[in-house]
Ligand SMILES: [Zn+2]
């Protein structure tokens, strides 16, 4: 089985009067993140990590920021495209780990909701999604939200596909045999 690792980074400035969307979840907060799309810095970092893991470019190469189609777009669309690239390359997500760096709001109370949503978007169990947050101590980045993400992928191994195929054959045979053994031929 072959494995891949991917890394993604993103940052967006805070802006008054727009909703704050992180990890596909809208949080109650007076300021949101500026951006051409919904500004979801966390999903953008995960999207870049996925694309990077299969050397498929980056979020900007799939969704140019000057393209009016992506104005205010739900970033789940970007993540979904990246996931498709991963699958096309023959891989699936093992786990993802992330760190958010922002002065506020506190992520702790929302982390479970963010994990659940990211897990749902990636189609993996929430035990495979890490959401961590730090405040920007000494970095001077209080006016921005920053996200880092790493993903681990494993290949859809041929062995597994062959195993799955042969187990289908076996179960068919079993059924045929038990049908035969049953002797009434009325299945
Ligand atoms: Zn972004």
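Summary of values
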{"quantity": "So residue 100, is it modelled with pLDDT of 95 or more, assigned to a helix (DSSP H, G or I) and in contact with a helix residue (DSSP H, G or I) (Cβ under 9 Å, 6 or more places away or on another chain)", "calculated": "no"}
{"quantity": "Cross-chain or 6+ apart pairs with Cβ under 6 Å, segment 33-59 first and more than 10 Å from the ligand (Cβ to nearest atom), then in a loop (DSSP other than H, G, I, E, B)", "calculated": "51/57; 51/58; 54/89"}
{"quantity": "Qualifying residue in segment 61-68 (condition: away from the ligand (no atom under 16 Å from the Cβ) and at pLDDT below 95)", "calculated": "yes"}
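The values are calculated or read from the model by the stated rules, or taken from the named source; none is laboratory data. As the structure is a computational prediction, the values presented were derived from the model and not from experiment. Glycine gets a Cβ as well: all are built from the backbone with ideal geometry, and neighbour counts include every protein chain shown.
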